[in-house]
Amino acid sequence: MKITFLGAAQNVTGSKHLIQTPNYNLLLDCGFYQGKRKESNQQNIQLPFEAGAINAVVLSHAHLDHSGSLPTLVKSGYKGKIYCTKATAEISKFILLDSANIQVSDAEYLNKHKKEGQELVTPIYNEDDVKKTLEHFEIVEYHSWIKLNDEISFKLCEAGHILGSATVLIKITESDEQKTLLFTGDLGRETAPILKSPELISENVDYLVSECTYGNRLHKPIQEAQEDLIKIISQIGSTGGKIIIPAFSLGRTQEIIYILHKLFNEKKIPAIPVYIDSPLTINITDIFKESTDRFDDDFYKDFGKNGQSPFEADNIFYTRTTDESKSLNERSGPFIIISASGMAEGGRVLHHLKNNIGDKNNIILIVGYQAENTLGRKIRDGITPVKIYGEFYDIKAQVITMNEFSAHADQKELLNYIKSLKGLKRIFLVHTEIEQAQPFEKILKNEIPDAQISIPHFNQLEIL
């Protein structure tokens with residue numbers, strides 16, 4: 001058995017890991033790179049393997065950095081199935097269609113405003129490519145073993161990261177020897193609202209490919225994050241400004257709506273308007289409304305026992321049309337705008353940032369991981385001016401970062417999960433930057449001395 005790390009290797013985007021036996025090529029995730037536009041486009045246009053040689057894909061969850069290159073895979077000649085949970089399949093439809101539409105609209109905008117000598121921008125894929133990709137999806141129930149061939153089978157378990165997310169446990173038999181490999185995808189937090197905690201694995205695991213996004217960080221408790229949020233909203237209520245929250249349409253936005261609604265109910269914050277400005281987010285939130293069987297016990301305590309939806313309130317508004325979105329930039333605060341994308345790399349949030357980042361009365365609230373070279377990372381790090389749609393804007397708004405809302409396990413939660421696994425021989429830390437991975441690598445070497453720990457680089461091949 002061989003594994004090649006073809007994405008999310010010493011970075012947190014473009015997740016792709018290729019498992020190979022003499023008779024089969026299995027791809028774990030096929031994600032989009034996000035970062036510098038020119039470099040990311042080149043990586044997203046050209047897959048690092050022959051698409052037609054892949055026999056099957058297992059998709060851990062629907063986030064774009066794990067699913068976004070699936071249309072490119074199919075467009076490049078892939079003929080097999082894409083295995084995932086029901087919620088991941090439903091959400092991926094909207095994620096990928098939105099990605100295609102953003103590529104098309106951004107290309108039109110940039111080409112319309114291009115300067116002399118600049119090349120025309122071409123979308124990597126379009127809506128038709130996405131529709132062809134959706135035909136390859138095969139829904140898998142949690143805990144059901146799926147046999148791919150005589151050598152390889154897998155099952156999905158709850159990852160607790162976003163709705164539909166899964167860890168992937170793979171059994172491979174070679175020369176009458178069975179080996180097990182666990183791919184975490186992205187692991188959720190133990191105490192995050194809405195979703196169940198990551199499910200522990202009872203089987204022995206020889207090889208672990210684990211995310212390590214926050215391997216060098218401890219998140220503050222969610223309760224403390226709520227207290228900080230109360231202060232921020234009270235501040236904006238007194239200044240009459242706006243809070244702009246770039247948030248992932250899947251997971252982060254629903255969590256923030258949930259917490260805001262809970263605080264409204266508890267009379268801890270004023271019921272200022274909250275605008276969810278993303279058609280993609282609205283479609284995904286509709287799936288959440290129908291998936292309460294995947295929610296944790298806190299949901300029943302906070303909302304379910306009263307028959308209330310966390311995602312509906314008199315002061316929560318969903319804006320679908322472009323005109324509704326534009327009108328928000330003409331209104332006076334105080335109010336909150338939650339808009340995609342989470343790393344401010346595309347979508348309507350760019351227009352809200354462009355129109356509001358120069359006002360000292362406003363707040364830009366960063367609530368999720370910001371990959372290197374993304375606009376969100378530059379805003380978070382205080383780099384000013386920043387370029388938005390080809391123009392530079394000085395940051396005068398207050399920028400506040402709250403990592404507590406992350407859907408990724410922190411150092412302690414990652415360690416607890418990994419220590420619960422039995423039989424580990426090798427651990428590969430992926431979906432991480434080197435400054436996060438190296439301290440965690442040292443911790444693992446002390447806590448699990450019998451296992452070999454690696455931080456693979458792009459295109460690294462390992463024979464297991």
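Brief remarks follow.
- The residue that is nearest to the chain's Cα centre (by Cα), among those in the stretch 309-333 that are farther than 22 Å from ASP298 by Cα and among the β-branched types (Val, Ile, Thr), is THR319.
- Residue that is surrounded by the fewest Cβ atoms within 10 Å (Cβ to Cβ) [pool: residues in the stretch 352-402 that are in contact with a Lys or Arg (Cβ under 8 Å, 6 or more places away or on another chain) and of a type in the set (Lys, Arg)]: LYS360
- Qualifying residue in the stretch 372-389 (condition: part of a helix (DSSP H, G or I), more than 30 Å from GLY240 (Cα to Cα) and either out of contact with any Gly (no Cβ under 8 Å at 6 or more places or on another chain) or not assigned by TED's automatic domain parsing to the domain that holds GLU203 (or both)): no
- Only one of ILE95, ILE102 that is buried (at least 24 other Cβ atoms within 10 Å of the Cβ), in a helix (DSSP H, G or I) and hydrophobic (A, V, I, L, M, F, W, C): ILE95
- Residue that is in a loop (DSSP other than H, G, I, E, B), modelled with pLDDT of 95 or more and either assigned by TED's automatic domain parsing to the domain that holds LYS196 or surrounded by 18 or more Cβ atoms within 10 Å (Cβ to Cβ) (or both), where the choices are HIS457, HIS408: HIS457
- So GLU116, is it at negative phi, charged (D, E, K, R) and without any contact (Cβ under 8 Å) to a residue 40 or more places away in the chain: yes
- Pairs are defined by a Cβ separation below 8 Å, a sequence spacing of at least 6 or placement on different chains, a first member in the stretch 295-309 that is under 18 Å from GLY251 (Cα atoms) and in contact (Cβ under 8 Å) with a residue 24 or more places away in the chain, and a second member that is small (Gly, Ala, Ser) and assigned to a helix (DSSP H, G or I); the pairs so defined are PHE295/GLY304.
- When we screen LEU365, LEU353 for residues that are within 22 Å of GLU255 (Cβ to Cβ), in a strand (DSSP E or B) and out of contact with any His (no Cβ under 9 Å at 6 or more places or on another chain), the only hit is LEU365.
- Whichever residue in the stretch 23-36 is out of contact with any Leu (no Cβ under 9 Å at 6 or more places or on another chain) and in contact (Cβ under 8 Å) with a residue 40 or more places away in the chain and, among such residues, is surrounded by the most Cβ atoms within 10 Å (Cβ to Cβ): GLY35
- Total residues in the stretch 67-92 satisfying the condition of being in a helix (DSSP H, G or I) and within 13 Å of the chain's Cα centre (by Cα): the figure is 4.
- Qualifying residue in the stretch 167-187 (condition: over 20 Å from TYR207 (Cβ atoms), in contact (Cβ under 8 Å) with a residue 12 or more places away in the chain and surrounded by 22 or more Cβ atoms within 10 Å (Cβ to Cβ)): no
- Only one entry in GLY347, GLY333 is more than 25 Å from VAL104 (Cα to Cα), surrounded by 19 or more Cβ atoms within 10 Å (Cβ to Cβ), in contact with a helix residue (DSSP H, G or I) (Cβ under 9 Å, 6 or more places away or on another chain) and not assigned by TED's automatic domain parsing to the domain that holds ASP206, namely GLY333.
- Test: GLU433 is assigned by TED's automatic domain parsing to the domain that holds ALA8, under 23 Å from the mean Cα position of the chain (by Cα), surrounded by 15 or more Cβ atoms within 10 Å (Cβ to Cβ) and among the acidic types (Asp, Glu): yes
- Residue check, LEU414 closer than 23 Å to LYS2 by Cβ and in the same structural domain as PRO22 (by TED's automatic domain parsing): no
- Residue-level analysis places ARG252 outside the set of residues that are among the basic types (Lys, Arg), under 27 Å from HIS63 (Cα atoms) and surrounded by fewer than 18 Cβ atoms within 10 Å (Cβ to Cβ).
- Unique residue being touching a Gly at 6+ places or on another chain (Cβ under 9 Å) and either among the hydrophobic types (A, V, I, L, M, F, W, C) or crowded, with 22+ Cβ neighbours inside 10 Å (or both) when the list is ILE272, ILE232: ILE272
- Residue tally, condition among the hydroxyl-bearing types (Ser, Thr, Tyr), farther than 23 Å from PHE248 by Cβ and either outside any strand (DSSP E or B) or at pLDDT below 95 (or both), over the stretch 121-169: 2
The values are calculated or read from the model by the stated rules, or taken from the named source; none is laboratory data. Just so it is clear, the model here is predicted, and its values are computed rather than measured. In this analysis, Cβ positions are derived from the backbone assuming ideal geometry, glycine residues included, and neighbour counts consider all displayed protein chains.
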